[in-house]
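The values are calculated or read from the model by the stated rules, or taken from the named source; none is laboratory data. Being a predicted model, the structure only gives us computed values, none of them experimental. Cβ atoms come from the backbone with ideal geometry, glycine included; neighbour counts cover every protein chain shown. Accessible surface is based on the protein model in full, side chains and every heavy atom, while ligands, DNA and RNA are left aside. Shrake-Rupley method; radii C 1.70, N 1.55, O 1.52, S 1.80 Å.
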Amino acid sequence: MANHEELFQETLRERGFRVTPDRLHVYRLLESSPFPLPISTVVEEIQSTGINQTTVYRILELFTAIGIVHPVLIGHGSVGYELIPPFRHHHHHLVCVGCNQVVDLNNCRLEQRVDEIVEPYGYKILYHDLEIHGLCPDCQAKEKDNAPNEN
Ligand SMILES: [Zn+2]
Ligand SMILES: [Zn+2]
Ligand SMILES: [Zn+2]
């Protein structure tokens, strides 16, 4: 099987888009990140290449439109971008609303259940997203410490 970067280049070309250095920089950064990245972080990480925020914004918009990345809600209303299958394995996220920590949930077992839920609507499912928001063990411990004393 072709590696992911070749697949990325093929995907762009098939859709009639050129593989520009900027697009490649953004792709490589996303591929190297274990977490969804906000636009501001993408700009920060690769600004040494001379790329600007507008270009990053347009590239992420393009990547979203042609099915290379998707936006993920990562707490406090901010959005991060990450690669989707076949560029990255299918997974979900646990997001801590206390500290914004994002943990990958692998081994999705939702496919069959989602099929059942959607069946009456007659949709052909392309993909599903799911983020679960909660408090990580550390934030739960902090919350306990800060709780008003009941005596
Ligand atoms: Zn992820
Ligand atoms: Zn937390
Ligand atoms: Zn899933």
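Structure above, values below:
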quantity	calculated
Whether the range 90-151 is rounded, prolate or oblate, judged on the alpha carbon gyration tensor where a/c under 1.5 counts as rounded	prolate
Kirkwood-based shape ratio for the chain, expressed as Rg/Rh from alpha carbons	1.06
Within the chain, longest stretch free of exposed trypsin sites (Lys or Arg not before Pro) [DSSP loop, at most 13 other beta carbons within 10 Å]	19-108
Estimated distance in nm for a label pair at Glu131 and Glu44, the labels positioned 7 Å out from Cα along Cα-to-Cβ	1.7
Beta bridge orientation in the chain: antiparallel %, DSSP, nearest 5	70
The chain, accessible surface, carbon-and-sulfur percent (1.4 angstrom probe)	51
Over the range 90-151, relative contact order from alpha-carbon pairs under 8 Å, at least 6 apart, %	42
Cβ-Cβ FRET estimate between Glu143 and Val103, R0 fixed at 22 Å, reported to 0.05	0.75
Heavy-atom surface of the range 90-151, accessible at 1.4 Å and reported per residue (Å²)	84
Average Cα contact separation per residue, the range 1-88, under 8 Å, 6 or more apart, as relative contact order %	29
Isolated Cys in the chain, by beta carbon distance under 4.7 Å	Cys99, Cys108, Cys139
